[in-house]
Amino acid sequence: MRPLARRFAAKPLLTLLALLVGLTGFAYAQATETLLSAKDAHAAANAGTILLLDVRTPEEWRDTGLPQGAIALDAETPGFEVRLAGLRLDHPGKRIALIDRSGALSSSLRDKLAGRGWRNILAVRGGMLGPGGWLAEKLPVTAYP
């Protein structure tokens, strides 16, 4: 093959390689966007772009109240995933943000659900009581009966 022909033959290969690397990076960035700050969760819940679910227990809801705009859905109750599926059907296209006490349960629950095929599930960083969490940011709460 002549030198000029070799140079042009290599270009499509390099272009394809660059495209694959770029797409992989984009997919990784999309997959790693699974945490949401408390302030961003509050703004998105107010804007109606996410469904904010408080996955703590009723005792915890009574202690601190619920984040304003959140739906109380105890992750420890039987049928949690069925109720979650019902909420997803009632709110198509909305991402679901989970908030708990410190952020640990919501992150592990998000990962567990992702392993079962759920998509667009986020965890609120810091939960209700952790650093940078809902109460630390002085975000509004509503009383739980």
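The values are calculated or read from the model by the stated rules, or taken from the named source; none is laboratory data. For clarity, every value in this text was computed on a predicted model and none was experimentally measured. Methodologically, a virtual Cβ is constructed for each residue, glycine included, from the backbone with ideal geometry; neighbour enumeration extends over all protein chains shown.
Details
- T34 meets all of the listed conditions (1) among the hydroxyl-bearing types (S, T, Y); (2) out of contact with any helix residue (DSSP H, G or I) (no Cβ under 9 Å at 6 or more places or on another chain); (3) at pLDDT below 95 but one, namely (2).
- For segment 91-106, the candidate set comprises residues that are surrounded by fewer than 18 Cβ atoms within 10 Å (Cβ to Cβ) and not charged (D, E, K, R); within that set, the residue that is nearest to D63 (Cα to Cα) is S102.
- Restricting the search to helices (runs of 4 or more DSSP H) fully inside segment 34-108 and requiring at least 1 residues that are closer than 17 Å to T142 by Cα gives 38-47, 58-64.
- Residues in segment 54-71 that are on the phi < 0 side of the Ramachandran plot and within 17 Å of the chain's Cα centre (by Cα): D54, V55, R56, P67, A70, I71.
- Here A136, A143, A123 are screened, and the one residue that is small (G, A, S), loosely packed, with under 13 Cβ neighbours inside 10 Å and touching a residue at least 60 places away in the same chain (Cβ under 8 Å) is A143.
- Taken over segment 97-121, the criterion of being in contact with a helix residue (DSSP H, G or I) (Cβ under 7 Å, 6 or more places away or on another chain) and closer than 15 Å to I71 by Cβ is satisfied by A97, L98, I99, D100, I121.
- Residues that are over 18 Å from A43 (Cβ atoms) and touching a Phe, Trp or Tyr at 6+ places or on another chain (Cβ under 8 Å) occur at least once in segment 131-144.
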